[in-house]
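Trainee: Handing you this structure, nothing more for now.
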Amino acid sequence: MDGIHDMGGTQGFGAVSFTPDEPGRVDDRWEAVAGAAVFALLRSGRTNLDAHRHRIERIDPRRYLPITYWGRWLAAVEAAIDEQEIAPPDAVANAVRQAGADPDRSAPPALGPVVALESRENGRTARREIDSPPRFAVGDLVRTSAHAPHAGHHRLPRYARGRQGTIARVYPAFVLPDATAHGRGEQPCHVYAVAFDGTELWGADAEPGLRCHLDVFEPYLSGADEVSEES
């Protein structure tokens with residue numbers, strides 16, 4: 001789907017702010033709580049990472065922009081609680097009010113610093129073994145889909161659609177996020193590292209000599225010499 005989350009290459013939002021060698025810290029305790037809530041939902045089996053990402057994609061743009069990265073995680077948790085019927089629709093808002101806060105605020109209050117939010121390894125992997133061989137090989141010229149694959153979740157960024165690149169690496173098969181985000185099974189397929197020239201992605205304004213590698217699922221690709229039904 002096209003949404004405010006897919007901002008790569010979009011103009012008008014200013015420079016991207018980042019901290020070199022960022023240690024992975026969180027600034028406030030509520031951010032750690034938001035992350036822990038997501039991990040708890042994933043371990044419970046009530047959702048999966050792709051469905052979580054799709055909930056973030058569906059946040060209203062007016063809310064998405066001001067609530068920051070962890071605010072979006074928290075909004076996705078709230079949506080999961082509602083969609084999975086884990087709690088009544090007004091339970092979260094009532095709990096926030098009981099804590100002395102306003103559930104209609106665009107961002108949650110800070111509750112003090114924490115040291116760090118550690119990554120969690122639950123032993124699961126999205127890698128799968130499949131019988132079909134990869135369709136493409138290293139060195140093949142390929143072209144990405146010119147349009148969003150469908151209205152739901154997918155992993156093809158807007159700035160890389162309809163672009164020609166070269167297969168740089170062939171990965172094993174992995175579950176297809178388009179399917180798992182919507183409860184349609186795993187539908188595993190091969191994934192490729194595709195190398196794009198910067199000018200192919202961003203035109204003449206790209207940094208000279210820039211080369212960008214993207215990991216792309218096989219259904220998003222066709223041979224560069226194939227006639228696309230989208231064109």
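The values are calculated or read from the model by the stated rules, or taken from the named source; none is laboratory data. If you're wondering where the values come from, they're calculated on a predicted model, not measured in any experiment. So basically every Cβ, Gly included, is an ideal-geometry build from the backbone, and we count neighbours across all protein chains shown.
To keep it simple, each residue is scored yes or no on (1) within 24 Å of Q84 (Cα to Cα); (2) part of a loop (DSSP other than H, G, I, E, B); (3) at pLDDT below 95.
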site	(1), (2), (3)
P149	no, yes, yes
H154	yes, yes, yes
G165	no, no, no
R169	no, no, no
D178	yes, no, yes
H182	yes, yes, yes
E186	yes, yes, yes
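Trainee: Pairs please, first residue from the range 177-188 and surrounded by 20 or more Cβ atoms within 10 Å (Cβ to Cβ), second anywhere and among the acidic types (D, E) and outside any loop (DSSP other than H, G, I, E, B), Cβ atoms under 7 Å, 6+ apart in sequence or on different chains.
Mentor: Going by the 7 Å Cβ cut-off, the qualifying pairs are P177/D50; T180/D50; A181/D50.
Trainee: Give me the residue from the range 21-76 that is of a type in the set (S, T, Y) and within 21 Å of A93 (Cα to Cα) and, out of that set, surrounded by the most Cβ atoms within 10 Å (Cβ to Cβ).
Mentor: Within the range 21-76, the match that is surrounded by the most Cβ atoms within 10 Å (Cβ to Cβ) is Y64.
Trainee: Separate question: Restricting attention to the range 71-119, which residues are modelled with pLDDT of 75 or more and not in a helix (DSSP H, G or I)?
Mentor: Q84, E85, I86, A87, P88, D90
Trainee: Still on this model: Going by what's in this entry, would E186 be described as more than 21 Å from T10 (Cα to Cα) and not β-branched (V, I, T)?
Mentor: For E186, the condition - more than 21 Å from T10 (Cα to Cα) and not β-branched (V, I, T) - is met.
Trainee: How about the range 50-71: which of its residues are in contact with a helix residue (DSSP H, G or I) (Cβ under 9 Å, 6 or more places away or on another chain), free of Cβ contacts under 8 Å to residues at least 40 places away in the same chain and of a type outside the set (S, T, Y)?
Mentor: Across the range 50-71, the qualifying residues are H52, R55, G71.
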